[in-house]
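A.B. asks: If you scroll down you'll find the structure; I have some questions about it.
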Amino acid sequence: MASTKLPQASCFGLGPPTCPKSPGSPTDLPDGTEIELLPLDPGDWLDEADGAALHEALRQSDADVAAGRLVDAEEILKELRSR
């Protein structure tokens, strides 16, 4: 089996990784501008009520999995494609 070599990110110094903006990227920054790469935590923008609702939905989902209430993703996609 042939392996594919993926590009590696590098970080110089102790700060977060950076990379140059690629030509043609959808932004107003000039080509070559160095941008800081940060992980995105989708919970960061939830207020307390939305965070509580998310955690409740996750608890219910865990209960569904434990009880075997699952639907195969292929079945759902097949149904959606037939519409």
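The values are calculated or read from the model by the stated rules, or taken from the named source; none is laboratory data. What you are looking at is a predicted structure, and each value in this text was computed from that prediction instead of being measured.
A.B. asks: Determine which single condition Arg83 fails, assuming it passes every other condition in (1) in a helix (DSSP H, G or I); (2) of a type in the set (D, E, K, R); (3) at pLDDT 75 or above.
C.D. replies: Only one criterion is unmet by Arg83, namely (1).
A.B. asks: Any chance region 34-53 includes a residue that's part of a helix (DSSP H, G or I), at pLDDT 80 or above and among the charged types (D, E, K, R)?
C.D. replies: Narrowing region 34-53 to residues part of a helix (DSSP H, G or I): 42-45, 48-53.
Still in the running and at pLDDT 80 or above: 48-53.
Still in the list and also among the charged types (D, E, K, R): 48, 50.
Yes, because at least one residue in region 34-53 is part of a helix (DSSP H, G or I), at pLDDT 80 or above and among the charged types (D, E, K, R).
A.B. asks: Considering region 54-80 alone, what residues qualify as being of a type in the set (Lys, Arg) and in a loop (DSSP other than H, G, I, E, B)?
C.D. replies: Within region 54-80, the subset of a type in the set (Lys, Arg) is 59, 69, 78.
Passing the criteria: only Arg69.
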